[in-house]
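A.B. asks: Just dropping this structure here.
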Amino acid sequence: MIGAVDIGGTKIAVGVVDDNGKVLSRLESPTDAAGGYANGLARMIDMLRRTSQDAGVEISGIGIGSTGVVYPGSGAFGDVDLLPGWQGNNPVQDMAREFKVKVALENDADASALAEAGWGAGKLKSRLVYVTVGTGIGGGIILDGLLYRGVDMAHPEISHHVIDPSGPHCSCGYRGCWESLATGPAMAAWFNSNAAGDRGLPKNLSALQICQLARRGEELAIRAVEREAYYLGLGVANLINLFVPDVIVLGGSVMKSAALFLDGIRKVIRQGCRFVPYEKRSWHWLPWERTPIS
């Protein structure tokens with residue numbers, strides 16, 4: 001029985017998972033990154049104890065997936081934008097000391113790619129690209145059945161390939177990165193900026209609320225959805241052209257509204273992937289309810 005921990009910019013999710021990938025129990029808590037690493041660690045330990053008690057099992061190991069730059073070899077956090085002040089702390093050592101079990105740390109998107117390749121949409125496929133779209137964009141790449149890592153085991157930052165060099169500033173220092181254009185907050189920023197002069201529209205909406213408006217036929221919300229689908233499609237098309245995978249898996253909180261985006265994403269892919277066999281690719285999207293700890 002594995003204790004699973006997912007650390008994101010908005011929330012921390014913790015669960016107990018059996019060796020078939022079935023989630024037996026889970027809890028969530030706001031990340032509260034500004035509260036510091038020690039506070040976050042204490043909550044993760046507490047949630048692991050509570051979920052294992054709920055499931056009636058003993059944890060035999062712990063797997064941690066975290067947003068941003070992490071070092072799987074040492075188990076330490078790197079410079080993670082969404083976790084200021086957590087850099088250099090080592091949850092692998094801290095949880096191993098607390099629970100007396102083996103602990104592993106991966107980038108969250110790499111962990112999700114491994115899960116999809118082992119138990120999910122990419123099972124028995126040798127080439128898979130996983131993309132998670134939420135507060136940020138993350139991705140994991142499986143090639144020839146193995147997780148792709150760069151030099152020094154580095155995680156490929158697919159979110160920071162440039163889509164539009166005249167686009168908005170990104171935290172990495174560039175302009176127009178995929179993450180600056182196609183995340184939930186990017187979608188909300190565009191809508192709220194354009195809604196500012198319209199007294200008939202609500203202000204400061206989240207991406208989820210905008211999607212709800214789009215389903216009811218609100219024009220600006222529909223345009224925001226179309227824009228989101230276009231930029232998501234550009235990034236996915238680039239990945240298809242680069243890696244020509246068997247399977248593309250889309251996850252993350254924005255994919256709760258995937259039905260609004262998929263036609264637009266596929267339209268962009270048809271336009272931009274003419275020289276690779278994109279039509280033979282399997283497509284999978286993971287609604288929020290189906291995503292175990294992701």
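The values are calculated or read from the model by the stated rules, or taken from the named source; none is laboratory data. Computed from a predicted model, the values in this text were never measured in an experiment. Backbone-built Cβ (ideal geometry, glycine too); neighbour counts: all protein chains shown. For accessibility, only protein heavy atoms count, side chains too; no ligands or nucleic acids. Shrake-Rupley method; radii C 1.70, N 1.55, O 1.52, S 1.80 Å.
A.B. asks: Looking only at region 130-141, which residues are at pLDDT 90 or above and not β-branched (V, I, T)?
C.D. replies: Selection gives Y130, G139, G140.
A.B. asks: Another one. Only one of (1) in contact (Cβ under 8 Å) with a residue 12 or more places away in the chain; (2) closer than 21 Å to K22 by Cα fails for K123. Which number is that?
C.D. replies: Condition not satisfied by K123: (1).
A.B. asks: May I ask you to say which residue of L213, L242 is free of Cβ contacts under 8 Å to residues at least 24 places away in the same chain and closer than 26 Å to G118 by Cβ?
C.D. replies: Unique residue meeting the criteria: L242.
A.B. asks: Residues in region 178-191: is at least one assigned to a loop (DSSP other than H, G, I, E, B) and open to solvent by 50 Å² or more (accessible area, probe 1.4 Å)?
C.D. replies: no
A.B. asks: Of everything in region 13-39, what is of a type in the set (A, V, I, L, M) and within 14 Å of G3 (Cβ to Cβ)? Give them in sequence order.
C.D. replies: Result: A13, V14, V16, V17, V23, L24, L27.
A.B. asks: How many of the residues in region 43-54 are surrounded by fewer than 19 Cβ atoms within 10 Å (Cβ to Cβ) and more than 20 Å from D108 (Cα to Cα)?
C.D. replies: Of the residues in region 43-54, 5 are surrounded by fewer than 19 Cβ atoms within 10 Å (Cβ to Cβ) and more than 20 Å from D108 (Cα to Cα).
A.B. asks: So how many residues does region 149-175 have that are in contact with a Pro (Cβ under 7 Å, 6 or more places away or on another chain), closer than 19 Å to D108 by Cα and either open to solvent by 60 Å² or more (accessible area, probe 1.4 Å) or not in a loop (DSSP other than H, G, I, E, B) (or both)?
C.D. replies: 1
A.B. asks: Being among the acidic types (D, E) and touching a helix residue (DSSP H, G or I) at 6+ places or on another chain (Cβ under 8 Å) is the filter here, so list the residues in region 33-70 that pass it.
C.D. replies: Matches in region 33-70: E58 only.
A.B. asks: Taking region 208-239, which residues are among the β-branched types (V, I, T) and either touching an Asp or Glu at 6+ places or on another chain (Cβ under 6 Å) or crowded, with 20+ Cβ neighbours inside 10 Å (or both)?
C.D. replies: I210, V225, V236
A.B. asks: Please find, within region 1-30, the residue that is nearest to M95 (Cα to Cα) out of those that are of a type outside the set (A, V, I, L, M) and crowded, with 20+ Cβ neighbours inside 10 Å.
C.D. replies: G3
A.B. asks: If you scan region 56-81, which residues turn out to be touching a Gly at 6+ places or on another chain (Cβ under 7 Å) and open to solvent by 70 Å² or more (accessible area, probe 1.4 Å)?
C.D. replies: Y71, D81
A.B. asks: Anything in region 192-207 that is free of Cβ contacts under 8 Å to residues at least 24 places away in the same chain and either farther than 19 Å from G9 by Cα or open to solvent by 60 Å² or more (accessible area, probe 1.4 Å) (or both)? List them, or say none.
C.D. replies: Residues satisfying the conditions are N192, S193, A196, G197, D198, R199, G200, L201, P202, K203, N204.
A.B. asks: Another question about this same structure. When you go through (1) farther than 17 Å from I158 by Cα; (2) without any contact (Cβ under 8 Å) to a residue 40 or more places away in the chain one by one for L114, which number turns out not to apply?
C.D. replies: All conditions are met except number (1).
A.B. asks: Could you check, for region 113-129, whether at least one of its residues is modelled with pLDDT of 90 or more, touching a Phe, Trp or Tyr at 6+ places or on another chain (Cβ under 8 Å), hydrophobic (A, V, I, L, M, F, W, C) and open to solvent by 30 Å² or more (accessible area, probe 1.4 Å)?
C.D. replies: Scanning region 113-129, I find no residue that is modelled with pLDDT of 90 or more, touching a Phe, Trp or Tyr at 6+ places or on another chain (Cβ under 8 Å), hydrophobic (A, V, I, L, M, F, W, C) and open to solvent by 30 Å² or more (accessible area, probe 1.4 Å), so the answer is no.
One line per residue, one yes/no per condition, for (1) among the acidic types (D, E); (2) modelled with pLDDT of 95 or more; (3) under 29 Å from R127 (Cα atoms):
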site: D152; (1), (2), (3): yes, no, yes
site: I158; (1), (2), (3): no, no, yes
site: Y174; (1), (2), (3): no, no, no
site: D198; (1), (2), (3): yes, no, no
site: P202; (1), (2), (3): no, no, no
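A.B. asks: Going through region 240-261 one residue at a time, which ones are open to solvent by less than 50 Å² (accessible area, probe 1.4 Å) and farther than 19 Å from S159 by Cα?
C.D. replies: Passing the criteria: D246, S257.
A.B. asks: From (1) in contact (Cβ under 8 Å) with a residue 12 or more places away in the chain; (2) assigned to a loop (DSSP other than H, G, I, E, B); (3) more than 19 Å from D81 (Cβ to Cβ), pick out the condition that doesn't hold for T135.
C.D. replies: It fails just one condition, (3).
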